[in-house]
Every structure is written in structure tokens, then in C-alpha cells.
1. What is the P(r) of the stretch 38-144, as percent of Cα-Cα pairs per 5 Å bin from 0?
2. Once you place label points 7 Å from the Cα toward the Cβ at Tyr63 and Thr112, how far apart are they in nm?
3. Report the GluC sites (Glu not before Pro) located in the stretch 57-129 that are in a DSSP loop and have at most 10 other Cβ atoms inside 10 Å of their Cβ, or state none.
4. Given points 7 Å out from each Cα along the Cα-Cβ axis, report the Arg55 to Ser90 separation in nanometres with one decimal.
5. For Glu98 paired with Arg144, estimate the spin-label separation in nm (one decimal), with each label point 7 Å from Cα along the Cα-to-Cβ line.
Amino acid sequence: MKTCEQCGNPVTDEVYVCPYCEGHDLQVAQGALVVRRIDLGHAGLSVAEARETLRDAIDVASYRGEDVLVVVHGYGSSGTGGHIRSMVRSEAHRALSERVISGWTAGEELATRAAKELVRRLPALARIDAWQRDNPGVTILVVR
């Protein structure tokens, strides 16, 4: 853990943007992945707005050299909703086929062969919070 110099809150070693004050320029530990979390599921966005936000986030991550985007989209377990989740997964397929990202996995599929292959390529993935538990409300995009 490190401390944000702007607001003084503790933040994990993997981030360079403070989740509390959005302060930039936090130092990332040598060998750590640069991880950013975006929340599309709790922001009150339409599917079209969420798609645009996700595409922008992927572009920014690529430009800034971020390694991983943890996309929170919610699960849609009520029987309604889940549309943003479906869109995120479709966009992940599109981005992978266009080589905009190098891999992705659904939060509930961390034990699959594809997820294990991502960890083989980037062992630090196994240490990020989102990788520690199965969560169908997130999708993890590997940008680098």
C-alpha cells in the first residue's frame, strides 16, 4: 500500500490514479501492473453511453500504457438488466479481434484455461484484487 500525496488516503500499489480524489502521478511499484477500475454498472448510464465510456477507457489505457482495466458492470441477477454486462463482453470480443487488447476474462471464469493463460503471460494479474475472487459483475481486460 502507498499513500496518495494529494488526499492522504491509502491506495494499492497497482494504481496510479487515486480512487478517492482522482489525483494522478502516483508512483507504481517496479514490476507491478498498472490497473484502472471503471464502473459502468452503477453510473446510471444507458448501454450506448456505457459503450462509449468503455471504448474511451480502452483508448486511454492504451495511450497511457495501462496494463489492465477492471470493468465493473454488475451482474443483472434480478432477471432484468445485464445489458451493460453483455455489451462489455461483446466489446471485449471486438477489441480482442481488432488487437486493441491482448486478452480478457469474465470475472466468474478465472479458473478457465484462457484465464490461466493470461496469468501465465502476466503473473502479476493473480495479485490484483479483482482476480482474488469470482465475480460475475466484472470483466477484466488486459490492454498490454
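Read-outs: derived from the displayed coordinates by stated rules, not from any lab. Since we're looking at a predicted model, the values are computed, not measured. Reconstructed Cβ throughout: ideal geometry from the backbone, glycine too, with neighbour counts over all protein chains shown.
1. 2, 13, 25, 26, 20, 10, 3, 0
2. Computed distance between label sites Tyr63 and Thr112 equals 3.1 nm.
3. Answer in residue order: Glu98.
4. Label at Arg55, label at Ser90, 1.2 nm between them.
5. Inter-label distance under the simple model: 2.3 nm.
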